[in-house]
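See below for the structure under consideration.
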Amino acid sequence: LENRIKQAIVDIVGTSNFTDSLIDLVSYSYDASDHEQRPDAAVWPAKTEDVSKILQVANTYHFPIIPRGAGTGLAGAVVPIHGGLILDMCRMNKILDIRIADRLVRVQPGVVYDDLQNALAPSGFCLYGVTRDYVLSLVIVLPNGRILRTGTDCMKSSSGLDLTRLFVGSEGTLGVITEITLKIIPKPIASKTCQAFFADLQDAGQVVSDIMHSRIVPSVLEILEENAIQILRNHGGMKLPDARAMILVETDGYTKEEADFQMTEVINVLKKNRATRIQVAKSPREAEDLWRGRKALSSAAARLRPNNISEDVTVPISKVPDLLAGISRIARKHGLLFVIFGHAGDGNLHPKIMYDRNNPQQVQKISAAVGEIFHLTCNLGGTLTGEHGIGLAKAPFMLLEHSQTSLDLMSAIKNLVDPNNILNPGKMGLRTGAQ
Ligand SMILES: Cc1cc2nc3c(=O)[nH]c(=O)nc-3n(C[C@H](O)[C@H](O)[C@H](O)COP(=O)(O)OP(=O)(O)OC[C@H]3O[C@@H](n4cnc5c(N)ncnc54)[C@H](O)[C@@H]3O)c2cc1C
């Protein structure tokens with residue numbers, strides 16, 4: 001950054017909240033993906049007005065701004081491929097308001113999910129499921145520094161275009177979010193956990209489908225295929241049976257009877273589909289034991305090679321067995337070391353492929369396999385990403401899922417809101433006039 005720009009930023013946040021030291025810039029050059037690029041500087045703003053002033057400077061001098069949360073993303077969305085200034089939101093970590101009577105909370109963007117859940121716990125409320133479904137309203141700083149409030153604190157509104165939805169998932173390309181209002185719900189007080197094994201992957205797939213037909217809404221419905229089970233047995237030190245698939249189900253409710261009733265229905269489905277072993281936890285401690293394999297899997301697999309790539313392809317729930325079988329076929333064809341696990345109840349699978357970045361042959365195979373997995377997913381009516389976002393990693397594949405008309409509209413919105421392309425440039429496959 002030129003000295004006059006650096007000075008303008010320091011004047012806004014103070015010297016102690018600005019850095020261009022090498023060690024900080026290296027830390028800000030990556031997220032949890034394989035992408036890497038160093039920014040020119042980073043700042044820690046404390047309030048919406050600071051963010052507004054910083055964006056005005058960036059819009060005047062045309063340098064990139066990359067909003068950053070915890071940097072845990074898996075798609076390279078915070079990697080500053082055009083350099084610029086990282087806006088680390090970690091100081092904006094306050095829970096501003098908890099309004100139980102209105103069933104909402106207002107938070108700053110740096111609040112960690114667990115901290116919010118802990119703050120809600122004494123009142124018996126929580127956030128549940130997919131966070132984007134709970135967003136009621138936002139405060140956003142636009143690239144020209146103007147401050148926008150979207151949405152409403154009401155549980156219902158049919159007023160105007162839904163600008164909140166436009167900004168949720170925009171990956172820092174349209175505005176910097178500085179305040180978020182979220183719906184909350186009463187926390188279920190009872191839960192029941194069960195684990196089942198299958199000699200045939202198709203049977204496990206059928207369980208998912210039958211549970212969907214059963215009118216039960218499990219709070220957890222996870223699936224692990226045979227490679228995952230083997231890795232837990234051979235490298236995770238877990239005593240699991242030799243099986244083609246494992247399913248973990250949790251039911252919950254506002255009474256014990258509600259959770260138990262749902263679990264009885266689930267067990268009927270498991271038995272009907274020839275589960276070879278069914279274990280139902282009798283205590284929270286036993287439930288924790290059943291969760292151990294699922295929780296240990298990702299890191300046990302990652303330890304097998306220096307690098308790994310983890311995708312989050314998602315299909316309509318009835319297509320989960322096809323996606324499982326298809327991914328397995330693709331990975332085997334390329335001779336790759338892989339596991340597949342995921343949230344079968346959401347149609348969301350995580351193929352994780354382990355490799356060595358310094359082996360060009362393996363890198364080439366991974367790249368081919370990932371492309372084929374995305375093709376397969378979209379052919380099954382699915383989406384490239386259920387959780388991780390598009391960022392850099394999936395940008396080249398956007399046309400598999402979205403029509404040219406959709407992409408043109410997304411790019412037109414980007415150009416309209418951010419004509420100088422200062423906000424997180426180069427992401428999500430957006431075409432821009434500037435940069
Ligand atoms: C081990 C592991 C397990 C995971 N499991 C799950 C899971 O079970 N379910 C699930 O849904 N996800 C899961 N994820 C993905 C997880 O949801 C994301 O990593 C996380 O939400 C990203 O948050 P972050 O604060 O680290 O964002 P970052 O990586 O810092 O940023 C992500 C994007 O948001 C933008 N951004 C950040 N802050 C702002 C802001 N204030 N205003 C505008 N844009 C902003 C950034 O520019 C970037 O484009 C997992 C990730 C890991 C590493």
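Comparing ASN144, ASN307, ASN59 in a Gaussian network model of the chain (Cα springs below 10 Å), the most mobile by mean-square fluctuation is ASN307.
Per-residue ellipticity at 222 nm computed for the chain from its helices equals -11000 deg cm²/dmol, with DSSP H segments shorter than 4 residues left out and the rest contributing -39,500 (n - 2.57).
By the compact-protein rule of thumb, 2.2 N^0.38 Å, the alpha-carbon radius of gyration of region 339-386 corresponds to a ratio of 1.29. If you line up the long axis of helix 360-379 against the longest principal axis of the chain, both from Cα atoms, how many degrees apart are they, to the nearest 10? In the chain, helix 360-379 runs at an angle near 80 degrees to the longest axis.
Computed over the chain with a Gaussian network model linking Cα atoms closer than 10 Å, the most mobile of ASN308, ASN424, ASN268 is ASN268. With all pairs of different C-alpha atoms in the average, the Kirkwood value for the hydrodynamic radius of the chain is 23.6 Å.
Once both axes come from the Cα atoms, what is the angle between helix 3-13 and the longest principal axis of the chain, in degrees from 0 to 90, rounded to 10? With rounding to tens, the tilt is 70 degrees.
Counting only C-alpha contacts under 8 Å and six or more residues apart, can you give the relative contact order of region 147-251 as a whole percent? Mind showing how you got there, number by number?
Working: 95 pairs, mean separation 32.2, N = 105.
It rounds to 31 percent for region 147-251.
Taking only C-alpha pairs under 8 Å that are 6+ residues apart, what is the relative contact order of region 1-98 in percent? The value is 33 percent.
Within region 1-96, report the GluC sites (Glu not before Pro) that DSSP leaves as loop and that have at most 13 other Cβ atoms within 10 Å. In loop regions of region 1-96 (DSSP not H, G, I, E or B), the sparsely surrounded GluC sites (Glu not before Pro) are GLU2.
With a ≥ b ≥ c the root eigenvalues of the C-alpha gyration tensor of region 25-117, is it rounded (a/c under 1.5), prolate (a/b larger than b/c) or oblate?
Since a/c reaches 1.5 but b/c is at least a/b, the shape of region 25-117 is classed as oblate.
Under 17 Å from a label point set 7 Å out along the Cα-to-Cβ vector of ILE100, the amide N atoms of region 151-193 belong to 183-189.
Is the C-alpha gyration tensor of region 160-257 telling us rounded, prolate or oblate? Criteria: a/c under 1.5 is rounded; beyond that, a/b larger than b/c is prolate, otherwise oblate. Prolate is the answer for region 160-257, as a/c is 1.5 or above and a/b outweighs b/c. One Cα centroid belongs to region 74-111, the other to region 280-359; the line between them spans 28 Å. For the chain, the relative contact order is 15 percent, taking Cα pairs closer than 8 Å that sit 6 or more residues apart in sequence and dividing their mean separation by the residue count.
Would region 252-370 count as rounded, prolate or oblate if I go by the C-alpha gyration tensor, calling it rounded below 1.5 in a/c and otherwise prolate when a/b exceeds b/c, oblate otherwise? Verdict is prolate for region 252-370.
Restricting region 132-167 to trypsin sites (Lys or Arg not before Pro) that sit in a DSSP loop and have at most 13 other Cβ atoms within 10 Å of their own Cβ leaves ARG146, LYS156. The angle between the Cα long axis of helix 201-213 and the main principal axis of the chain comes to about 70°, on a 0 to 90 degree scale.
No value in this document is a laboratory result; all are computed from the given coordinates. The structure presented is a predicted model; accordingly, all values stated were derived computationally and were not measured. Virtual Cβ from ideal backbone geometry, glycine too; neighbours counted across all protein chains shown.
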